[in-house]
Amino acid sequence: MKFLSRKLFVTLLGAFFLSASHLALAKDSKEPIVIPTHNWSSQIVMAYVIGGIFESMGNRVDYKSADSQAVYESVRTGDITLSHEVWQSAFGKSFYNAMEKGGLIDVGNHEALTLEDLGVPKHVIDANLCPGLPDWEALKQQKCVDAFKTADSGNKGRILEGPQTWHGDLIPNRIKALGLADKYVVKFAGSADALWAELASAKKDGRGILMFNWTPNFTDADGFSFIKFPPYYDGCRIADGGDEACGSPDGWLKKAAYYKMPRKWPAAYTTFSKLSFNTTQIGQMAALVDIDKMSHKDAAKKWLADNKKVWQPWTKK
Ligand code: TMO
């Protein structure tokens with residue numbers, strides 16, 4: 001009797017703790033978490049890195065190629081579950097527009113700070129092809145216009161922009177606002193790869209090149225110099241009522257999610273909330289593809305294998 005009641009007590013106690021822990025640890029949905037892929041390397045590698053982290057926790061993951069501006073509307077409505085690289089300069093407006101409509105939540109910032117702007121590679125500075133850089137006013141000199149001319153730029157200097165889907169006419173409008181439009185013409189590259197091919201060719205030939213780039217990126221290691229435009233301030237941009245006569249912000253890099261993600265995939269959401277990549281780590285993700293020529297998926301596998309000490313703590317309670 002005494003034995004039985006003790007056994008019963010232990011059993012009940014066990015049942016209590018089992019159900020209590022079951023209540024405390026809601027299980028993630030078996031539906032796939034949908035992660036977007038865009039058209040620059042760190043973003044795609046990081047998609048597979050984060051997907052790999054979720055899979056290590058037992059979650060299912062789908063990847064969906066998406067436009068980098070329209071994605072915030074897709075996250076707001078739940079077609080895509082999250083966005084892991086919200087760059088302030090390019091996407092801040094779309095991010096907050098979606099938030100104002102309802103359904104998009106701010107899941108915090110990565111440790112890395114960002115800059116997305118025009119600049120020149122190290123050899124342009126070293127060879128003094130445009131004296132006075134990185135101050136933007138140097139660009140007014142005819143010597144600089146000549147240094148950045150190309151076969152297709154008429155008599156103007158060429159500014160090589162990224163794909164127009166990233167930030168529309170931001171750079172053409174800025175060039176106009178700063179009085180540089182009669183000296184420079186903006187050409188949009190078809191892809192990030194086209195930017196890197198032009199960069200490599202200019203470097204090989206010791207040619208001038210003035211191009212859009214960003215940090216964190218694989219080019220950080222080479223000493224890329226961003227042009228110092230008049231400082232950014234909230235309200236400077238045309239979209240915010242300004243005249244656009246300013247550079248890009250020293251920006252944040254945010255994470256965003258569908259508002260139902262915390263209830264539907266609480267463990268994955270908690271991990272997503274904790275995770276944060278720094279400048280070196282994001283530069284590595286890009287370099288594995290753009291320098292080492294790995295596929296995005298293989299790059300992510302290697303990054304995860306090499307950095308268990310970084311990401312595994314984010315999956316623990
Ligand atoms: C959004 N991007 C990193 C290409 O500037």
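The values are calculated or read from the model by the stated rules, or taken from the named source; none is laboratory data. Keep in mind it's a predicted model, so treat the numbers as computed, not measured. Here the Cβ is made from the backbone with ideal geometry for all residues, glycine too, and neighbour counts use every protein chain on show. For accessibility, only protein heavy atoms count, side chains too; no ligands or nucleic acids. Shrake-Rupley method; radii C 1.70, N 1.55, O 1.52, S 1.80 Å.
Some points to look at:
- Surface share of carbon and sulfur [accessible, 1.4 angstrom probe, percent] for the chain: 56
- Segment Asp126-Tyr96, length gained on full extension (0.36 nm per residue, minus Cα span): 6.8 nm
- Here, the range 115-240 yields an orientationally averaged convex hull projection of 7.5 nm² when only Cα atoms define the hull.
- Karplus-derived HN-Hα couplings along the range 265-276 (A = 6.51, B = -1.76, C = 1.60, θ = phi - 60°), whole Hz, x at Gly and Pro: 10, x, 5, 5, 5, 4, 5, 4, 5, 6, 6, 7
- Förster radius 25 Å - calculated FRET efficiency between Asp182 and Asp135 (Cβ-Cβ, nearest 0.05): 0.80
- Between Asp67 and Ala200, full extension at 0.36 nm per residue minus the direct alpha carbon distance yields a gain of 45.2 nm.
- Taking the chain and dividing mean pair separation by its residue count, relative contact order in percent (alpha carbons under 8 Å, at least six apart): 27
- Projected-area mean, the chain, by convex hull of Cα positions, square nanometres: 19.2
- In order along the range 205-221, the phi-based Karplus estimate (6.51 cos²θ - 1.76 cosθ + 1.60, θ = phi - 60°) of 3J(HN,Hα) comes to 8, x, 7, x, 8, 10, 9, 6, 7, 8, 9, x, 7, 5, 6, 3, 5 Hz; Gly and Pro are listed as x.
- For Lys316 and Ala245, the difference between the fully extended length at 0.36 nm per residue and the C-alpha to C-alpha distance is 20.9 nm.
- Among beta bridges from DSSP that stay inside the chain, the antiparallel ones total about 55%.
- Loop chymotrypsin sites (Phe, Trp or Tyr not before Pro), the range 205-297 (other Cβ atoms within 10 Å of the site Cβ: 12 or fewer; DSSP): Tyr233
- The Cβ shell under 12 Å around Leu288 holds other residues with a net charge of 0, Lys and Arg each +1, Asp and Glu each -1.
- FRET efficiency estimate (nearest 0.05) - Cβ-Cβ, Lys27 to Asp79, R0 22 angstrom: 0.45
- Sequence of Ser94, Ser56, Ser83 when ordered by accessible area, the most exposed leading, probe 1.4 angstrom: Ser56, Ser94, Ser83
- HN-Hα J in Hz across the range 296-311 - Karplus 6.51, -1.76, 1.60, θ = phi - 60°, x for Gly and Pro: 4, 5, 5, 4, 5, 4, 5, 4, 5, 5, 7, 10, 4, 5, 6, 9
- Whole-number accessible area per residue in Å² for the chain, which is evaluated in the context of all protein chains at 1.4 Å: 48
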